[in-house]
Amino acid sequence: MPRDRLMGAALIAAIALLLAPLAAIAQSRPEFIAFPGVSKAALYRPDAGPAPHVGILVMHRTSNYLRHRACTELSQRGFLILCMNTRFENNEAQVDFEKLPLDAKAGVNFLRAQPGISKIVLFAHSGGGPLMALYQAVAEKGPAFCKGAGKLVECGDDLAGLVGADGIIFADAHPGNSINTLRGLNPAVANENNPPDAPLIADLDPFNPKNGFNPEGPSHYSADFQARYFKAQADRMNRLIDSARDKLDRMKRNAYPYPDDDILVIPRGGNPGSGPGAAAALFVAEPDIAAVNATARPQRLLRNDGTIAEQMIQSVFVADPKLARDNLRFRSGTKVYTLRSFLSAQAIRARNSMDDIDYCSSNNSTVCAVQSISVPVLFAAMGAHYFIRDNERHYDMAASKDKDFIVIEGAVHGFTPCTACERTPGQYSNSVKNLFDYAAKWINARF
């Protein structure tokens, strides 16, 4: 067989293998879409009903979203869905966050070119939040939004000419990897160059029972400890930023062993995922910390039976005492980046990790970007996770005149019911249905 035919056959086989598990669960048999040299996607069409006029882009910074739950749930509800991966799929250590809007641009332009599509909505789940928010903010304000002396990393002029979406759904979107990393740092680390078995600063150790840690259940940290801890987290972040920038400055002066970049290892900094993970975030060990896990005022709670109640909302998230073990491990407790990927996607200036953050010092900041977005926005927080207050803050700070905020009762970060939180079996059984029914109703009312 000629070489070109062999290559073609191999490509078809690879695509078939990729989509085989998709077809078994998809409402619409997805179509593989390749964006040459950059990324890939799966296109989901409704099985029946009128031809869709709304296209929805589902995307994350590094995670594989080709089979994201939104792909099938939203296509079932009559929308055309493009579930897309970026150029940094499963490659956190190399993320250049300021390049990611170019990948989103490819997805938006593809959807706009589809027959019958007149409106585009961005579906921003988890780490898709800061990505989609940055895309839309730059589309509306131009590259000037992501430039300036206050930015740790500036974007380039290649982001000029982005075409904005018509609306955004922020589904348990986090405030930014930069903020998650800040809140997950263990400030008891005395020296970044210490070996892993070096002693921690005792009065800042979040896993010391003397400071309030409970290895058997929810912890209880005093107000004094929390205040010292949150300040020390900001101090450690600022030291990491200063060290990384100093090394890059030395590279410019040819006074560093490498001319381009270097590795950055953060011991006891948590895993490299979108949330605190195995990091030393106090609110994961103590769910009662209201600064993250509760609304600041009465908000709308979408109950399991489909009714909506307005009330103060506290996350039903269950404490995870095994953080103490995981934070000390390399695989789950150590972050590994390069100097440039850290500054681009994981760093932010702050004086306090909870409420004194320079949100716009990083472009990986949902909180900053929503202040420059005017299109309709929906913020849906999951009631069994730790982004409730963050999403309320996003809602409060959003510049959009048409904005909505809802909390889905009993839903974990991935939208499914939190069975560990239930007091009776099936208490939160409708979390997925409720979220996507509400999202579809929100879209149809506007577009």
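The values are calculated or read from the model by the stated rules, or taken from the named source; none is laboratory data. All values derive from a computational prediction rather than experimental measurement. Here the Cβ is made from the backbone with ideal geometry for all residues, glycine too, and neighbour counts use every protein chain on show. SASA here: full protein model, heavy atoms, side chains in, ligands and nucleic acids out. Shrake-Rupley method; radii C 1.70, N 1.55, O 1.52, S 1.80 Å.
A simple charge model with +1 on the Cβ of Lys and Arg, -1 on the Cβ of Asp and Glu and nothing else charged puts the dipole of the stretch 346-415 at about 160 debye relative to its Cα centre. If you take the Cα centroid of the stretch 89-117 and the Cα centroid of the stretch 384-417, the two points sit 24 Å apart.
Pairs of Cα atoms nearer than 8 Å and 6+ residues apart set the relative contact order; for the stretch 357-400 it is 43 percent. Across the stretch 45-177, Cα pairs under 8 Å and at least six residues apart give a relative contact order of 27 percent. Shown here is the pair-distance distribution of the chain: with all Cα-Cα distances grouped in 20 Å bins from zero up to the longest one, the shares run 25, 57, 18, 1 percent. For residue 264, the residues whose amide H sits under 5 Å from its own are 337, 338, 339, ignoring neighbours fewer than 5 places away on the same chain, with H placed 1.01 Å from N. Considering only 62, 181, 338, the mean-square fluctuation computed in a Gaussian network model of the chain, springs between alpha carbons under 10 angstrom, is largest for 338.
Rounded if a/c is under 1.5, else prolate if a/b beats b/c, else oblate: with a ≥ b ≥ c from the C-alpha gyration tensor eigenvalues square-rooted, which is the stretch 332-415? Oblate is the answer for the stretch 332-415, as a/c is 1.5 or above yet b/c matches or exceeds a/b. Which FRET efficiency, nearest 0.05, do residue 329 and residue 114 yield, Cβ-Cβ r, R0 45 Å? Once the sixth-power term is evaluated, E becomes 0.45. Distances between placed amide hydrogens fall under 5 Å for residue 299 paired with 311, 312, 313, all partners being 5 or more residues away or on another chain. The trypsin sites (Lys or Arg not before Pro) of the stretch 392-447 that DSSP puts in a loop, and whose beta carbon has at most 16 other beta carbons within 10 Å, are 401, 423.
With θ taken as phi - 60° and the Karplus curve 6.51 cos²θ - 1.76 cosθ + 1.60 applied, the whole-hertz 3J(HN,Hα) list for the stretch 375-389 is 6, x, 9, 10, 10, 10, 8, 8, x, 10, 9, 10, 10, 5, 5 Hz, x standing for glycine and proline. When you restrict to C-alpha pairs under 8 Å that are six or more residues apart and normalise by the size of the chain, the relative contact order lands at 16 percent. Out of all DSSP beta bridges with both ends in the stretch 32-134, state the antiparallel percent to the nearest 5. Expressed as a percentage, antiparallel bridges in the stretch 32-134 total about 45.
Pairs to check: 247/335; 322/433; 231/252. Give those whose C-alpha atoms are more than 21 Å from each other in this structure. Check vs 21 Å cut-off fails for 322/433; 231/252. For the stretch 261-379, the fraction of 1.4 Å probe accessible surface lying on carbon and sulfur atoms is 53 percent. Taken about its Cα centre, the stretch 205-352 carries a charge dipole of about 480 debye when Lys and Arg each add +1 at the Cβ and Asp and Glu each add -1 at the Cβ.
Once R0 is set to 22 Å, what does the formula 1/(1 + (r/R0)^6) return for the Cβ-Cβ distance between residue 423 and residue 307, expressed as a FRET efficiency to the nearest 0.05? Efficiency, rounded to the nearest 0.05: 0.75. Of the solvent-accessible surface of the stretch 99-174, computed with a 1.4 Å probe and all protein chains present, 53% belongs to carbon and sulfur. Within straight-line reach of residue 119, meaning a Cα separation under 18 Å, sit the following aspartates and glutamates at least 8 residues removed in sequence or on another chain: 140, 166, 402. FRET efficiency for the pair residue 163 and residue 90, taken as 1/(1 + (r/R0)^6) with r the Cβ-Cβ distance and R0 = 35 Å, rounds to 0.80. For the chain, the per residue solvent-accessible surface stands at 41 Å², with DNA, RNA and ligands left out and a 1.4 Å probe.
Taking 0.36 nm per residue of separation and subtracting the Cα-Cα distance, full extension of the segment from residue 141 to residue 203 would add 17.8 nm. Each peptide in 365-372, 236-243 receives the mean, over its residues, of other Cβ atoms within 10 Å, and ordering these scores from highest gives 365-372, 236-243. Less than 5 angstrom separates the built amide H of residue 405 from those of 379, all sequence-distant by 5 or more or on a different chain. Taking only protein heavy atoms and a 1.4 Å probe, the accessible area of the stretch 401-446 is 50% carbon and sulfur. Between residue 397 and residue 320, the contour length at 0.36 nm per residue exceeds the Cα-Cα span by 24.7 nm. Placing dummy labels 7 Å off each Cα toward the beta-carbon, the span from residue 224 to residue 250 is 4.0 nm. Going by a ≥ b ≥ c, the root eigenvalues of the Cα gyration tensor, does the stretch 276-366 fall in the rounded group (a/c under 1.5), the prolate group (a/b larger than b/c) or the oblate group? Note, shape of the stretch 276-366 comes out oblate. Phi angles across the stretch 393-405 convert, under the Karplus curve 6.51 cos²θ - 1.76 cosθ + 1.60 with θ = phi - 60°, into 3J(HN,Hα) values of 5, 4, 4, 5, 8, 5, 7, 4, 6, 9, 9, 9, 9 Hz, Gly and Pro given as x.
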